[in-house]
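Visitor: Before I ask anything, here is the structure I am working with.
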Amino acid sequence: MALTATVAIALAAVLDEVVAEPPLRVHPVAWFGRFVAVLDCEWTHPLVAGGTIALVLPFVAAAITAGTVWVAGGLSPWAGALAAGLVLFSTTSRRMLLDLSTKIVAATESDLETARAELRALAGRDATDLSADEIRSAAVESAAENLADGLVGPLLAFSLVAPVSLAGAAGAAAWVKAVNTLDSMLGYRHKPVGTVPARLDDVVMWLPARISAALLALVAGAPSALHESSRLARRPASPNSGWPMATLAVLLDTRLEKPDNYRLDGGTELPNVATATRGISLVSRAGIVAFALAGVIAWF
(Lines give C-alpha, C1' and ligand atoms only; values in the text may rest on other atoms or scores of the structure.)
Protein backbone atom coordinates (compact mmCIF):
# COMPACT_ATOMS: atom_id res chain seq x y z
CA MET A 1 0.00 0.00 0.00
CA ALA A 2 2.73 2.47 1.00
CA LEU A 3 4.76 1.81 -2.15
CA THR A 4 1.85 2.16 -4.55
CA ALA A 5 0.70 5.37 -2.86
CA THR A 6 4.18 6.87 -3.10
CA VAL A 7 4.41 5.80 -6.75
CA ALA A 8 1.06 7.51 -7.40
CA ILE A 9 2.32 10.76 -5.87
CA ALA A 10 5.56 10.56 -7.83
CA LEU A 11 3.62 9.97 -11.05
CA ALA A 12 1.41 12.99 -10.36
CA ALA A 13 4.50 15.14 -9.72
CA VAL A 14 6.18 14.02 -12.94
CA LEU A 15 3.04 14.58 -15.01
CA ASP A 16 2.62 18.03 -13.47
CA GLU A 17 6.16 18.96 -14.47
CA VAL A 18 6.08 17.42 -17.96
CA VAL A 19 2.45 17.82 -19.05
CA ALA A 20 1.31 20.61 -16.67
CA GLU A 21 -2.43 19.93 -17.06
CA PRO A 22 -4.72 17.30 -18.63
CA PRO A 23 -6.37 18.37 -21.92
CA LEU A 24 -9.54 20.30 -21.18
CA ARG A 25 -11.76 17.88 -23.11
CA VAL A 26 -10.80 15.00 -20.77
CA HIS A 27 -10.18 16.97 -17.57
CA PRO A 28 -12.44 15.61 -14.77
CA VAL A 29 -12.39 18.94 -12.92
CA ALA A 30 -13.58 20.70 -16.08
CA TRP A 31 -16.41 18.16 -16.39
CA PHE A 32 -17.34 18.80 -12.77
CA GLY A 33 -17.23 22.55 -13.35
CA ARG A 34 -19.56 22.33 -16.33
CA PHE A 35 -22.08 20.47 -14.20
CA VAL A 36 -21.79 23.02 -11.38
CA ALA A 37 -22.38 25.82 -13.91
CA VAL A 38 -25.84 24.37 -14.58
CA LEU A 39 -26.65 24.73 -10.87
CA ASP A 40 -25.43 28.33 -10.76
CA CYS A 41 -28.87 29.89 -11.02
CA GLU A 42 -31.60 31.50 -8.94
CA TRP A 43 -33.06 29.18 -6.28
CA THR A 44 -36.22 29.61 -4.25
CA HIS A 45 -34.36 28.44 -1.14
CA PRO A 46 -30.70 29.17 -1.92
CA LEU A 47 -29.28 28.14 1.45
CA VAL A 48 -31.00 24.75 1.26
CA ALA A 49 -29.93 24.31 -2.35
CA GLY A 50 -26.38 25.38 -1.56
CA GLY A 51 -26.18 23.05 1.42
CA THR A 52 -27.41 20.13 -0.64
CA ILE A 53 -24.95 20.91 -3.43
CA ALA A 54 -22.06 21.21 -0.96
CA LEU A 55 -22.87 17.89 0.70
CA VAL A 56 -23.86 15.79 -2.32
CA LEU A 57 -21.63 16.78 -5.24
CA PRO A 58 -18.22 16.36 -3.54
CA PHE A 59 -19.38 13.03 -2.11
CA VAL A 60 -20.48 11.82 -5.55
CA ALA A 61 -17.17 12.93 -7.08
CA ALA A 62 -15.25 11.15 -4.32
CA ALA A 63 -17.31 7.97 -4.64
CA ILE A 64 -16.88 7.74 -8.41
CA THR A 65 -13.16 8.42 -8.11
CA ALA A 66 -12.59 5.94 -5.29
CA GLY A 67 -14.61 3.29 -7.12
CA THR A 68 -12.57 3.72 -10.29
CA VAL A 69 -9.26 3.35 -8.43
CA TRP A 70 -10.62 0.39 -6.44
CA VAL A 71 -11.54 -1.43 -9.66
CA ALA A 72 -8.12 -0.67 -11.15
CA GLY A 73 -6.42 -1.90 -7.98
CA GLY A 74 -8.40 -5.13 -8.20
CA LEU A 75 -6.80 -5.81 -11.57
CA SER A 76 -3.27 -5.09 -10.32
CA PRO A 77 -1.67 -3.01 -7.56
CA TRP A 78 0.25 -1.12 -10.23
CA ALA A 79 -2.92 -0.43 -12.20
CA GLY A 80 -4.33 1.01 -8.98
CA ALA A 81 -1.21 3.16 -8.53
CA LEU A 82 -1.52 4.40 -12.13
CA ALA A 83 -5.20 5.26 -11.67
CA ALA A 84 -4.52 7.02 -8.36
CA GLY A 85 -1.63 8.94 -9.88
CA LEU A 86 -3.83 10.14 -12.73
CA VAL A 87 -6.49 11.22 -10.22
CA LEU A 88 -3.95 13.15 -8.18
CA PHE A 89 -2.54 14.75 -11.32
CA SER A 90 -6.06 15.84 -12.29
CA THR A 91 -6.91 17.25 -8.87
CA THR A 92 -3.68 19.20 -8.35
CA SER A 93 -2.15 22.04 -10.31
CA ARG A 94 1.28 23.60 -9.96
CA ARG A 95 3.20 24.20 -13.16
CA MET A 96 0.33 25.55 -15.29
CA LEU A 97 -0.59 28.21 -12.73
CA LEU A 98 3.04 29.17 -12.19
CA ASP A 99 3.68 29.37 -15.93
CA LEU A 100 0.69 31.68 -16.30
CA SER A 101 1.84 33.83 -13.38
CA THR A 102 5.30 34.09 -14.93
CA LYS A 103 3.80 35.06 -18.30
CA ILE A 104 1.72 37.80 -16.68
CA VAL A 105 4.67 39.24 -14.78
CA ALA A 106 6.80 39.28 -17.94
CA ALA A 107 4.02 40.96 -19.92
CA THR A 108 3.79 43.86 -17.47
CA GLU A 109 7.05 45.19 -18.91
CA SER A 110 6.02 45.33 -22.55
CA ASP A 111 2.34 44.47 -23.09
CA LEU A 112 0.08 45.67 -20.31
CA GLU A 113 -3.14 44.75 -22.13
CA THR A 114 -2.03 41.14 -22.47
CA ALA A 115 -1.07 41.10 -18.80
CA ARG A 116 -4.53 42.39 -17.88
CA ALA A 117 -6.28 39.83 -20.06
CA GLU A 118 -4.25 36.92 -18.69
CA LEU A 119 -4.77 38.08 -15.11
CA ARG A 120 -8.53 37.77 -15.52
CA ALA A 121 -8.02 34.08 -16.32
CA LEU A 122 -5.71 33.57 -13.35
CA ALA A 123 -7.37 35.59 -10.61
CA GLY A 124 -10.89 36.29 -11.84
CA ARG A 125 -10.22 39.95 -11.05
CA ASP A 126 -11.22 43.00 -13.09
CA ALA A 127 -7.83 44.23 -14.25
CA THR A 128 -9.04 47.08 -16.48
CA ASP A 129 -7.67 49.87 -14.30
CA LEU A 130 -4.78 48.05 -12.65
CA SER A 131 -1.25 49.39 -13.04
CA ALA A 132 1.69 47.16 -13.93
CA ASP A 133 2.71 47.04 -10.26
CA GLU A 134 -0.82 46.06 -9.19
CA ILE A 135 -0.99 43.35 -11.85
CA ARG A 136 2.30 41.87 -10.61
CA SER A 137 0.96 41.98 -7.06
CA ALA A 138 -2.18 40.11 -8.14
CA ALA A 139 -0.13 37.48 -9.97
CA VAL A 140 2.04 36.86 -6.91
CA GLU A 141 -1.01 36.74 -4.63
CA SER A 142 -2.71 34.21 -6.90
CA ALA A 143 0.39 32.03 -7.08
CA ALA A 144 0.56 31.94 -3.28
CA GLU A 145 -3.15 31.25 -2.83
CA ASN A 146 -3.15 28.54 -5.50
CA LEU A 147 -0.32 26.76 -3.69
CA ALA A 148 -2.86 25.96 -0.98
CA ASP A 149 -5.99 25.52 -3.09
CA GLY A 150 -4.50 23.88 -6.13
CA LEU A 151 -1.83 21.68 -4.62
CA VAL A 152 -1.44 21.34 -0.87
CA GLY A 153 -5.14 20.74 -0.14
CA PRO A 154 -5.65 17.70 -2.40
CA LEU A 155 -2.12 16.39 -1.69
CA LEU A 156 -2.67 16.51 2.05
CA ALA A 157 -5.98 14.66 1.82
CA PHE A 158 -4.46 12.00 -0.43
CA SER A 159 -1.36 11.42 1.71
CA LEU A 160 -3.28 11.20 5.00
CA VAL A 161 -5.74 8.58 3.71
CA ALA A 162 -3.26 6.64 1.53
CA PRO A 163 -1.84 4.47 4.36
CA VAL A 164 -5.36 3.11 4.92
CA SER A 165 -6.70 2.89 1.36
CA LEU A 166 -5.33 3.97 -2.02
CA ALA A 167 -8.84 4.21 -3.44
CA GLY A 168 -9.94 6.20 -0.40
CA ALA A 169 -6.96 8.53 -0.85
CA ALA A 170 -7.93 9.23 -4.45
CA GLY A 171 -11.50 9.84 -3.33
CA ALA A 172 -10.31 12.22 -0.60
CA ALA A 173 -8.29 14.26 -3.10
CA ALA A 174 -11.31 14.43 -5.43
CA TRP A 175 -13.55 15.50 -2.53
CA VAL A 176 -11.25 18.38 -1.57
CA LYS A 177 -10.93 19.50 -5.18
CA ALA A 178 -14.72 19.37 -5.60
CA VAL A 179 -15.24 21.49 -2.48
CA ASN A 180 -12.69 24.02 -3.71
CA THR A 181 -14.26 24.11 -7.17
CA LEU A 182 -17.70 24.78 -5.70
CA ASP A 183 -16.26 27.65 -3.70
CA SER A 184 -14.43 29.14 -6.70
CA MET A 185 -17.59 29.00 -8.84
CA LEU A 186 -20.36 29.74 -6.35
CA GLY A 187 -18.74 31.24 -3.27
CA TYR A 188 -19.39 34.92 -3.91
CA ARG A 189 -21.35 37.35 -1.76
CA HIS A 190 -23.80 38.09 -4.56
CA LYS A 191 -24.62 34.37 -4.92
CA PRO A 192 -26.67 33.15 -1.91
CA VAL A 193 -26.44 29.56 -3.18
CA GLY A 194 -22.71 29.72 -2.59
CA THR A 195 -22.84 30.54 1.12
CA VAL A 196 -22.63 26.95 2.38
CA PRO A 197 -20.01 25.85 -0.19
CA ALA A 198 -17.88 28.84 0.79
CA ARG A 199 -18.08 28.07 4.51
CA LEU A 200 -17.29 24.40 3.86
CA ASP A 201 -14.24 25.44 1.85
CA ASP A 202 -13.14 27.68 4.73
CA VAL A 203 -13.11 24.66 7.03
CA VAL A 204 -11.47 22.29 4.54
CA MET A 205 -8.70 24.72 3.58
CA TRP A 206 -7.86 25.90 7.11
CA LEU A 207 -4.92 23.53 7.54
CA PRO A 208 -3.63 23.49 3.91
CA ALA A 209 -3.40 27.29 3.91
CA ARG A 210 -1.24 27.33 7.01
CA ILE A 211 0.89 24.44 5.80
CA SER A 212 1.43 26.36 2.56
CA ALA A 213 2.64 29.38 4.52
CA ALA A 214 5.05 27.14 6.45
CA LEU A 215 6.34 25.58 3.23
CA LEU A 216 7.07 29.02 1.77
CA ALA A 217 8.97 30.02 4.90
CA LEU A 218 10.83 26.69 4.81
CA VAL A 219 12.06 26.95 1.21
CA ALA A 220 13.07 30.57 1.81
CA GLY A 221 15.04 29.54 4.90
CA ALA A 222 13.19 32.12 6.98
CA PRO A 223 10.85 30.44 9.49
CA SER A 224 10.63 33.68 11.48
CA ALA A 225 8.58 35.16 8.63
CA LEU A 226 5.58 33.23 9.93
CA HIS A 227 5.41 35.41 13.03
CA GLU A 228 5.09 38.63 11.06
CA SER A 229 2.79 37.12 8.44
CA SER A 230 0.38 35.89 11.12
CA ARG A 231 -0.50 39.52 11.80
CA LEU A 232 -1.05 40.38 8.14
CA ALA A 233 -2.87 37.15 7.29
CA ARG A 234 -6.05 38.35 8.97
CA ARG A 235 -6.49 41.34 6.71
CA PRO A 236 -8.19 39.61 3.73
CA ALA A 237 -11.80 38.60 4.29
CA SER A 238 -10.95 34.95 3.74
CA PRO A 239 -9.77 33.15 6.89
CA ASN A 240 -7.27 31.16 4.83
CA SER A 241 -5.95 32.85 1.69
CA GLY A 242 -4.15 35.54 3.68
CA TRP A 243 -1.70 33.05 5.17
CA PRO A 244 0.34 32.08 2.10
CA MET A 245 -0.09 35.55 0.58
CA ALA A 246 1.08 37.38 3.69
CA THR A 247 3.98 35.00 4.18
CA LEU A 248 5.15 35.61 0.62
CA ALA A 249 4.81 39.38 1.09
CA VAL A 250 7.06 39.22 4.17
CA LEU A 251 9.59 36.92 2.50
CA LEU A 252 9.82 39.22 -0.52
CA ASP A 253 9.87 42.42 1.58
CA THR A 254 7.15 43.76 -0.68
CA ARG A 255 3.58 45.01 -0.53
CA LEU A 256 0.79 42.88 -1.95
CA GLU A 257 -2.46 44.71 -2.36
CA LYS A 258 -5.95 44.24 -3.78
CA PRO A 259 -7.32 47.77 -4.09
CA ASP A 260 -10.27 48.51 -1.79
CA ASN A 261 -9.97 45.05 -0.20
CA TYR A 262 -6.69 44.45 1.65
CA ARG A 263 -3.08 45.54 1.89
CA LEU A 264 -0.33 43.15 3.03
CA ASP A 265 2.60 45.32 4.07
CA GLY A 266 5.51 42.92 3.93
CA GLY A 267 7.39 45.93 2.56
CA THR A 268 6.58 49.44 1.36
CA GLU A 269 6.63 48.98 -2.42
CA LEU A 270 4.57 46.84 -4.76
CA PRO A 271 6.64 44.10 -6.45
CA ASN A 272 8.79 44.89 -9.44
CA VAL A 273 9.46 42.23 -12.08
CA ALA A 274 12.47 40.75 -10.27
CA THR A 275 10.64 40.55 -6.94
CA ALA A 276 7.51 39.02 -8.48
CA THR A 277 9.62 36.46 -10.35
CA ARG A 278 11.39 35.53 -7.12
CA GLY A 279 8.03 35.09 -5.41
CA ILE A 280 6.79 32.72 -8.13
CA SER A 281 10.04 30.77 -7.81
CA LEU A 282 9.46 30.37 -4.07
CA VAL A 283 5.95 29.05 -4.72
CA SER A 284 7.36 26.60 -7.28
CA ARG A 285 9.93 25.28 -4.82
CA ALA A 286 7.34 25.03 -2.06
CA GLY A 287 5.17 22.96 -4.41
CA ILE A 288 8.02 20.53 -5.08
CA VAL A 289 8.58 20.14 -1.35
CA ALA A 290 4.84 19.55 -0.90
CA PHE A 291 4.97 16.63 -3.33
CA ALA A 292 8.03 15.21 -1.55
CA LEU A 293 6.47 15.50 1.92
CA ALA A 294 3.22 13.93 0.67
CA GLY A 295 5.24 10.97 -0.55
CA VAL A 296 6.90 10.59 2.84
CA ILE A 297 3.57 10.80 4.69
CA ALA A 298 1.97 8.26 2.36
CA TRP A 299 4.94 5.90 2.78
CA PHE A 300 4.62 5.82 6.54
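Visitor: For segment 252-268: of the residues being under 20 Å from ALA127 (Cβ atoms) and either assigned to a loop (DSSP other than H, G, I, E, B) or of a type in the set (Ser, Thr, Tyr) (or both), which is modelled with the lowest pLDDT?
Guide: Checking each candidate, the answer is ASP260.
Visitor: Let me ask something else. Are there any pairs, at least 6 apart or on different chains, whose C-beta atoms fall under 8 Å, with the first in segment 1-12 and in contact (Cβ under 8 Å) with a residue 40 or more places away in the chain and open to solvent by less than 30 Å² (accessible area, probe 1.4 Å) and the second among the hydroxyl-bearing types (Ser, Thr, Tyr) and in a helix (DSSP H, G or I), and if so, which?
Guide: From residues that are in contact (Cβ under 8 Å) with a residue 40 or more places away in the chain and open to solvent by less than 30 Å² (accessible area, probe 1.4 Å), the pairs are ALA5/SER159; ILE9/SER159.
Visitor: Here is a follow-up. Specify which of the listed residues (ILE53, ILE104) is crowded, with 18+ Cβ neighbours inside 10 Å, among the hydrophobic types (A, V, I, L, M, F, W, C), at pLDDT 95 or above and in contact with an Asp or Glu (Cβ under 7 Å, 6 or more places away or on another chain).
Guide: Only one candidate passes the filter, namely ILE104.
Residues checked against (1) among the polar types (S, T, N, Q); (2) in contact (Cβ under 8 Å) with a residue 40 or more places away in the chain:
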{"site": "GLY153", "(1), (2)": "no, yes"}
{"site": "ALA173", "(1), (2)": "no, yes"}
{"site": "LEU182", "(1), (2)": "no, yes"}
{"site": "LEU186", "(1), (2)": "no, yes"}
{"site": "THR195", "(1), (2)": "yes, yes"}
{"site": "LEU200", "(1), (2)": "no, yes"}
{"site": "ILE211", "(1), (2)": "no, yes"}
{"site": "LEU215", "(1), (2)": "no, yes"}
{"site": "LEU226", "(1), (2)": "no, no"}
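Visitor: Let me ask another. Can you tell me how many residues within segment 202-251 are assigned to a loop (DSSP other than H, G, I, E, B) and either touching a strand residue (DSSP E or B) at 6+ places or on another chain (Cβ under 7 Å) or not basic (Lys, Arg) (or both)?
Guide: Selection size over segment 202-251: 13.
Visitor: Another question, if that's okay. Working carefully through the options THR44, THR68, find the one that is assigned to a helix (DSSP H, G or I) and open to solvent by 70 Å² or more (accessible area, probe 1.4 Å).
Guide: Result of the check over THR44, THR68: THR68.
Visitor: Inside segment 110-147, can you point out the residues that are open to solvent by 40 Å² or more (accessible area, probe 1.4 Å), among the hydrophobic types (A, V, I, L, M, F, W, C) and closer than 24 Å to MET185 by Cβ?
Guide: Hits for segment 110-147 are ALA117, ALA121.
Visitor: Let me ask something else. Listed residues ALA37, ALA115, ALA148, ALA72; which is among the small types (Gly, Ala, Ser) and closer than 19 Å to MET245 by Cα?
Guide: ALA148 is the lone residue from the list that is among the small types (Gly, Ala, Ser) and closer than 19 Å to MET245 by Cα.
Visitor: Now for a separate question. Mind listing just one residue for me: the one in segment 109-135 that is assigned to a helix (DSSP H, G or I) and among the basic types (Lys, Arg) and, of those, farthest from the chain's Cα centre (by Cα)?
Guide: ARG116
Visitor: Can you pull out the residues in segment 191-207 that are of a type in the set (Val, Ile, Thr) and open to solvent by less than 70 Å² (accessible area, probe 1.4 Å)?
Guide: VAL193, THR195, VAL196, VAL204
Visitor: Quick check on this structure: which one of ALA178, ALA172 is under 13 Å from the mean Cα position of the chain (by Cα), open to solvent by less than 50 Å² (accessible area, probe 1.4 Å) and either among the small types (Gly, Ala, Ser) or over 26 Å from SER284 (Cα atoms) (or both)?
Guide: ALA178
The values are calculated or read from the model by the stated rules, or taken from the named source; none is laboratory data. In this text, all values refer to a predicted model and were calculated from it rather than measured experimentally. Note: ideal-geometry Cβ built from the backbone for every residue, glycine included; neighbour counts use all protein chains shown. For accessibility, only protein heavy atoms count, side chains too; no ligands or nucleic acids. Shrake-Rupley method; radii C 1.70, N 1.55, O 1.52, S 1.80 Å.
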